[in-house]
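Peer 1: One structure, pasted below without further comment.
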Amino acid sequence: MVSAGNFLLNVLLARILDAEDYGRFALFLGAIFILRTVDYSLISYPLSVRLCIADEDERARLVGSTIVLAAGLSLVLVATMGLGIALLGASAILLPGCLCYLCWQAQETLRRCLLADFRYRCAVAGDSIAYVGQVPLVAALLWTGSITLPATLYAMSAAFAVGALVHASKLRVARPTIAGVRSLPLEYFSVGKWSLVSYQLVLVRVQLLPWMLATIAGTVATASLQAGLNIANMMNPIAFGIGNAIPQVAAHAHRFGGVAGAFKAARGYVLFGLGPILAIGAVGALMPDLLLRTVYGPSSPYLAVAAGLQLLMVAGVIDYVTEMISKALLGVQAGKLAFLVNVAALAAALALVLALIEPLGVLGACLALLVANLVRLVGAGIAVTWLIRHERSRAPADLPAGHREAPQAG
């Protein structure tokens, strides 16, 4: 539902906004995603690791304390966002942009609390309202002739706010104690620091492409790249769904099966999603023109991105496998290795972007992303192999008791 809503909204805006305005919208979303990685790494990810092994009585109070901590962090992040908008001179979207971010953040934090407790079914209703609900609201703006970027952001804010209320109604929350809230920041930072750095690098690697395109070739080129990404992102429902479970699964299996047991438990989830990922990638790689015409219309300026779409589809398949490995690394608290892998991928992306965008434009950006994803995949494979061999080489006395006595998790 999250991916369907994002896809429909992006396609609708791509059809009704001119390429320059749609390019600005893509850059705005990229900035929001960068800020959201801070919340995910310092709030949602540590909660997912803690909640799955907490006692039943402790869970509701842990959720309550986490929500208080997330609210405080959101105020800092929205102030950062407001400052950035002001410095860029985009005063027209200052208020709607900040409001959209706060409502989005509230919805995302509450849904992560449900997902951390494996309550995926409970999250569907709120996600449907928040993400799919944006589309009729924006369509209504179009029908009344009042479609603008600020109005779009207000409509998105309304949908996210209602979705957050629906999520809140399904949470099991206990009143947090002052001591409980005060103990969390250091603990969550200790767990999430490498995730924060790693995912900032991931997003910088991805957002490097539209921003460099905007700088070198203009926002029209950014819009063309986003048009291709909208279709390649059809893989997101599978990647998000599987990825949301991997850290918890790996953390739980790691307690008794060690690193090998954690990756064995995660492997079944990854393979479950790989089949449809390959099918989507094959359709996009073999029939890019048909997909672009179907989504954007036969006279769309985005039909020229067909070759880039083929590259983006292959890059998406590679990214799925790599991202699942990274999620498992975070589940076994090997975030430093994930960080090193992402450093290598970012370095490759930066070098390729500088070399390819000016002569090849959008196609160069797509090619840069594909090669950077390949570098990340190879690095992730090396990291997992080293981690398993390192654990096996350690003396039995160095391992936790559960790792020595219990069988590997299946």
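Peer 1: Just one of (1) crowded, with 17+ Cβ neighbours inside 10 Å; (2) over 16 Å from A232 (Cα atoms) trips up V295, so point out which.
Peer 2: (2)
Peer 1: Which residues, counting only those in the range 24-47, are among the charged types (D, E, K, R) and closer than 23 Å to T148 by Cβ? Step through it out loud before you land on a result.
Peer 2: Of the residues in the range 24-47, the ones among the charged types (D, E, K, R) are 24, 36, 39.
R24, the sole residue that qualifies.
Peer 1: Could you grab me the full set of residues in the range 128-140 that are within 20 Å of the chain's Cα centre (by Cα), aliphatic (A, V, I, L, M) and open to solvent by 20 Å² or more (accessible area, probe 1.4 Å)?
Peer 2: I129, V132
Peer 1: When you scan the range 182-203, how many residues do you find that are touching a Leu at 6+ places or on another chain (Cβ under 7 Å) and under 17 Å from T66 (Cβ atoms)?
Peer 2: So the first thing to find is which residues in the range 182-203 are touching a Leu at 6+ places or on another chain (Cβ under 7 Å), and the list is 184-185, 188-189, 192, 195-196, 201.
Those still in the list that are under 17 Å from T66 (Cβ atoms) too: 184-185, 188-189, 192, 195-196.
Counting residues in the range 182-203 that are touching a Leu at 6+ places or on another chain (Cβ under 7 Å) and under 17 Å from T66 (Cβ atoms) gives 7.
Peer 1: Further, regarding this structure: Sort out which residues of the range 99-122 are among the acidic types (D, E) and not in a helix (DSSP H, G or I), and write them in order of number. Write out each step before concluding.
Peer 2: Keep residues of the range 99-122 that are among the acidic types (D, E), which gives 108, 117.
D117, the sole residue that qualifies.
Peer 1: Checking the condition open to solvent by less than 50 Å² (accessible area, probe 1.4 Å), closer than 18 Å to Q200 by Cβ, assigned to a helix (DSSP H, G or I) and at pLDDT below 90, which residue from A338, A328 passes?
Peer 2: Criteria check complete, one pass: A338.
Peer 1: Please note which helices (runs of 4 or more DSSP H) are completely contained in the range 1-82 and include at least 3 residues that are of a type in the set (F, W, Y) and touching a residue at least 60 places away in the same chain (Cβ under 8 Å).
Peer 2: Values: elements: 2-16, 19-39, 45-51.
Helices (runs of 4 or more DSSP H) meeting the threshold: 19-39.
Peer 1: Scan the range 83-98 residue by residue and report those that are assigned to a helix (DSSP H, G or I) and more than 13 Å from I32 (Cβ to Cβ). Break it down into steps so the answer makes sense when it comes.
Peer 2: To start, the set of residues in the range 83-98 that are assigned to a helix (DSSP H, G or I) comprises 83-87, 91-98.
Result: L83, A86, L87, S91, A92, L94, L95.
Peer 1: Which of (1) within 17 Å of Y40 (Cα to Cα); (2) open to solvent by less than 20 Å² (accessible area, probe 1.4 Å); (3) within 20 Å of the chain's Cα centre (by Cα) is the odd one out, the single condition G97 does not satisfy?
Peer 2: Of the numbered conditions (1) within 17 Å of Y40 (Cα to Cα); (2) open to solvent by less than 20 Å² (accessible area, probe 1.4 Å); (3) within 20 Å of the chain's Cα centre (by Cα), the odd one out for G97 is (1).
Peer 1: State the number of residues belonging to the range 35-50 that are of a type outside the set (S, T, Y) and either under 13 Å from W104 (Cβ atoms) or at pLDDT below 80 (or both).
Peer 2: Residues of the range 35-50 that are of a type outside the set (S, T, Y), as a first pass: 35-36, 38-39, 42-43, 46-47, 49-50.
So of that shortlist, the ones also either under 13 Å from W104 (Cβ atoms) or at pLDDT below 80 (or both) come out as 35-36, 39, 49-50.
Adding up the residues that qualify gives 5.
Peer 1: Can you tell which of A380, A368 is more than 20 Å from Y45 (Cα to Cα), buried (at least 24 other Cβ atoms within 10 Å of the Cβ), among the small types (G, A, S) and touching a residue at least 24 places away in the same chain (Cβ under 8 Å)? Outline the logic, then answer.
Peer 2: Values: A380 fails: more than 20 Å from Y45 (Cα to Cα).
Among A380, A368, only A368 is more than 20 Å from Y45 (Cα to Cα), buried (at least 24 other Cβ atoms within 10 Å of the Cβ), among the small types (G, A, S) and touching a residue at least 24 places away in the same chain (Cβ under 8 Å).
Peer 1: Ok, one more. Pull up the range 26-71, narrow it to residues that are open to solvent by 40 Å² or more (accessible area, probe 1.4 Å) and among the small types (G, A, S), then point me to the one that is farthest from the chain's Cα centre (by Cα).
Peer 2: Taking the range 26-71 first, the residues open to solvent by 40 Å² or more (accessible area, probe 1.4 Å) are 31, 33-34, 36, 50, 53, 55-59, 61, 67-68, 71.
Narrowing further to those that are among the small types (G, A, S): 31, 71.
Numbers: A31: 13, A71: 20 Å.
Among those that are open to solvent by 40 Å² or more (accessible area, probe 1.4 Å) and among the small types (G, A, S), it is A71.
Peer 1: Then there's this: For T177, are the conditions met, namely being polar (S, T, N, Q) and more than 28 Å from G64 (Cα to Cα)?
Peer 2: Values: polar (S, T, N, Q): yes; more than 28 Å from G64 (Cα to Cα): no.
No; evaluated as a whole, the condition is false for this residue.
The values are calculated or read from the model by the stated rules, or taken from the named source; none is laboratory data. Note that this is a predicted model, so its numbers are computed, not measured. Note: ideal-geometry Cβ built from the backbone for every residue, glycine included; neighbour counts use all protein chains shown. Just the protein is used for accessible areas: all its heavy atoms, side chains included, with ligands, DNA and RNA removed. Shrake-Rupley method; radii C 1.70, N 1.55, O 1.52, S 1.80 Å.
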